[in-house]
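Okay, so here's the structure we're looking at.
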């Protein structure tokens, strides 16, 4: 009975090991289906390529920092045509370096994903090998368990052989325990690799979105340079005259918006319908795109030498439907025609107001309420088209958010 008792103990341990194995198989199958492994590169080769990409990324970051330092020094000087063209050219070079950086970061992330997939495959093969070993041990123990103690003694030539077989059985039990420990470690590694893979895929999507933003910004910088050269025809006198005109134009737009907002809020406070009834302001994006080509107070804004950018510019094709970012009251509709700047201002509850600029068509009127998501205009911005104004280089929506008349960053409030 001594041998039978030991084999039963071992069989119990084997049952637990089989349960563990069945837990692994769905994990392996899921990982294999979601993350097919391709290519013949080894982990060492992938690690070498990743290291090379990381070196390129470090070099590009140093290059971008050098451009930023040069821009900072040039911006501190008095505004001149030569200085502004230099700034725009340097910003173009900086954007090109940032795009290259973005592309290298995407390539590095793809290599990291490939490496992780390869590690998942290796771990899976390791688990398969351990499953095979345990299956073999199970068959051996099953065959041994079918014999009585007397049969086992008779099968062995001596008592020494009998005890050797006993020690062999105990050794199998020890190997099973070791395999179980390794299987648990493999499971932890698989789950960690899957988590890493998910985070890398998420990072990849974010890098691709950033790349699209930077390419759009580069296009704006290039167009801005051409605009200034065309408007001034390389004349410093014309440049300085243009600066004065544009500053006066922007100051008037800003003062009109501030004054009108105060007037409308006062009017609404004594009317029968109050803004408070609209509820708290929770903004939504006014156009389908989420690509921001110029941020709030963007240091690389092409016309920063004229004024601080009080809004975000959102990429939108000419004629894209523009929707109210929140329910509110139309305080101002400015139709600039073919040569002027067209915009809509809506006042909301909680002291907020939104402004939609460079619109090519207007579908609302002053003194009407609009609901969130309602189409109020069509986007514009193409130079020379209705409502584009002079400070534009291509189709987009200029979107402002103001709190008690003061411009604030819309990205802090958009979802």
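See the values below:
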{"read-out": "The range 334-378 - residue that is touching a helix residue (DSSP H, G or I) at 6+ places or on another chain (Cβ under 6 Å) and farther than 15 Å from residue 398 by Cβ and, of those, surrounded by the most Cβ atoms within 10 Å (Cβ to Cβ)", "value": "347"}
{"read-out": "From the options 215, 225, 210, residue that is in a helix (DSSP H, G or I), within 16 Å of residue 305 (Cα to Cα), outside the structural domain of residue 398 (by TED's automatic domain parsing) and in contact (Cβ under 8 Å) with a residue 40 or more places away in the chain", "value": "225"}
{"read-out": "Within the range 301-333, tally of residues that are outside any loop (DSSP other than H, G, I, E, B) and surrounded by fewer than 21 Cβ atoms within 10 Å (Cβ to Cβ)", "value": "5"}
{"read-out": "Test: residue in the range 379-394 that is under 23 Å from residue 305 (Cα atoms), touching a helix residue (DSSP H, G or I) at 6+ places or on another chain (Cβ under 6 Å) and assigned to a loop (DSSP other than H, G, I, E, B)", "value": "yes"}
{"read-out": "Selected residue (criterion: nearest to the chain's Cα centre (by Cα)) from residues of the range 267-300 that are under 22 Å from residue 211 (Cβ atoms) and surrounded by fewer than 14 Cβ atoms within 10 Å (Cβ to Cβ)", "value": "290"}
{"read-out": "Residues that are within 14 Å of residue 326 (Cα to Cα) and in contact (Cβ under 8 Å) with a residue 60 or more places away in the chain, drawn from the range 355-396", "value": "355, 356, 369, 372, 373"}
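Residues are listed down the side, and each one gets a yes or a no for (1) touching a residue at least 40 places away in the same chain (Cβ under 8 Å); (2) assigned to a helix (DSSP H, G or I); (3) farther than 30 Å from residue 238 by Cβ:
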| residue | (1), (2), (3) |
| --- | --- |
| 50 | yes, yes, yes |
| 56 | yes, yes, yes |
| 61 | yes, yes, yes |
| 64 | no, yes, yes |
| 69 | no, yes, yes |
| 72 | no, yes, no |
| 85 | yes, yes, no |
| 93 | no, yes, no |
| 100 | yes, yes, yes |
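The values are calculated or read from the model by the stated rules, or taken from the named source; none is laboratory data. No experiment lies behind these values; they were computed from the predicted model shown. Quick reminder, even Gly has a Cβ in these numbers, built from the backbone with ideal geometry, and neighbours come from all protein chains shown.
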